[in-house]
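Some notes on the structure that comes next.
The values are calculated or read from the model by the stated rules, or taken from the named source; none is laboratory data. Because the structure is a prediction, the values reported are computed rather than measured. Neighbour counts run over all protein chains shown; Cβ positions are idealised from the backbone, glycine included. When the accessible area is computed, the model is the full protein with side chains, heavy atoms only, and any ligands, DNA or RNA have been set aside. Shrake-Rupley method; radii C 1.70, N 1.55, O 1.52, S 1.80 Å.
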Amino acid sequence: MPRVDDVNEQSEPPAPAPEPAPVPAPVQSAATAASQARTGTGTGAGAGDGVGAGVGAGSPAGPGGRRPGASAGKWSVVRDLLDLKSDPLPKLSRPRWLAWLPHVVLAYLAVFFCSITLTQLQDHYGASGTTPLLLSILVGLSIVLAMRRPLAGFWIGLITAAVIAWSIHDRVGQGQSWPWLPAGIFAFAPVLLLVALRTPPRVTIGAVAVCIAFSGLAEAVFKPEHSGTSAPGAVLLFAFTGLLGYALRSTRLARTKLVEQETLTEAERAQRTLLEERTRIARELHDVVAHHMSVISIQAQVAPYLVENPSEELKENLAGIRANALEALTELRRVLGVLRSEHPDDPAGPHHPQPTLGELEGLVDNVRAAGLEVTTEIAGIRRPLAPGVELTAYRIVQEALSNCLRHAPGSRVEVGIAYGPRELHLCVANTAPTRPAPPSPGAGHGLLGMRERAGMLGGELAAGPRPGGGYEVSAVLPTDPADPDSAGAAPEPKQPDPTPDAKKEA
């Protein structure tokens, strides 16, 4: 379920007297954004993407008309640009055999640009010695390093480009590219793309701005005579690379959020199914409890007439029993009304009797009519059990047979029931289906309901595939489930011993 964050109205900064009071809606912008800027938080997709633009929007201006939040936002971007933390490039999730494809492609580009940079330095600009080799290796190293530490690779690549521009300044011929080598612009683009993929947009904007500022400053101040210009091409390529990285990063984060939401939705669906099953169990067991409470009330009312000359103490105690039974019955009916009001169209109406194992043959006949071959086997002495046990056993067999119809069409199903002295054993097993199962529109959480029913009585349920194919559901239910609260209940006050006739009627 979505959560609504509480907003503290006292956290809104006071407005100066000449200015109107700030609107209550954006209360969070000043205090929260400024604290994020001071602490350096907000490195995620949405947490820190707009800090530079929104910090201090609602804060009062400082001395000289400057807003402290704006300067804090600028320093936050600078700190993020200098943050050389590890942020490895992840593998592709699918297909699995191409998981390392981005890393292989980037490693190939590193070797390629290292080679072409060395060739251009030696052949086009006449550089010699070990300096061109070292600079070419640094160009390739910046791409490799950016796969794990994007900003570290960014600064190494940018510093290497500056050293290359300085080393070839006096060797630039007529119309040759400067300050970027012809291959240098394209060699730096993968590094900038990795920065855009792994950092927030404001950091990407800062990195692109630094590259454009470097190119513009070099062109304006240090440009050699008769050299060609590379600044316009660098601006276009770096801006396009930043936008491409931002788009890919947004798509990846949106997909990740979607997967998280789907996982959360599935968990909520399972929880809702479990709660609905518990509600259904409560509605069904109400009839059982209400029946016994009604019997207690009637017996308590009739008991004084079955005893000759009952004492006033006995009459008072029996009247108290009847009053408590009627009060409990009223509360049960009130709770039942709330539960049934949520499901007005439930086929199990308020006057519909709850099923028992005596109706098992009718259930099996319905499944046979649907096309399954079902055989039943009952072991032990068949006898009536507690109503809750009868109802739970019937529902477990019903759900298991429904699963066979949905997921194992054409299979043979065996239903086994064994009456023990203390436990009731249930087993529903089916063979492998003979034809493909059609898509099932259900939520697929029937096993949750069966386990909930068995656990409510203190029993156990197991389900899983059979070794020879097919599926099996088995349960063990106590024939006389104990009250879980009886162990810790306080001892009841001692009452006068009723007559034997009263005992018999109770």
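A 1.4 Å probe, protein heavy atoms only, puts the accessible area of VAL476 near 40 Å².
Between ARG148 and ALA418, the modelled label-to-label distance comes to 6.0 nm, taking each label 7 Å out from Cα in the direction of the beta carbon. With a Förster radius of 51 Å applied to the beta-carbon distance between VAL163 and ARG269, the computed FRET efficiency rounds to 0.30. Dimensions of region 197-271 from C-alpha coordinates, computed as largest minus smallest value along each principal axis and given longest first, are 74, 16, 10 Å.
Between region 95-124 and region 132-167, the C-alpha centres lie 13 angstrom from each other. In the assembled protein chains, LYS223 presents an accessible area of approximately 90 Å² (probe radius 1.4 Å).
Between ARG383 and ARG435, the contour length at 0.36 nm per residue exceeds the alpha carbon distance by 14.9 nm.
Full extension of the segment from ILE212 to LEU134, taken as 0.36 nm per residue of separation minus the current Cα-Cα distance, would add 25.6 nm.
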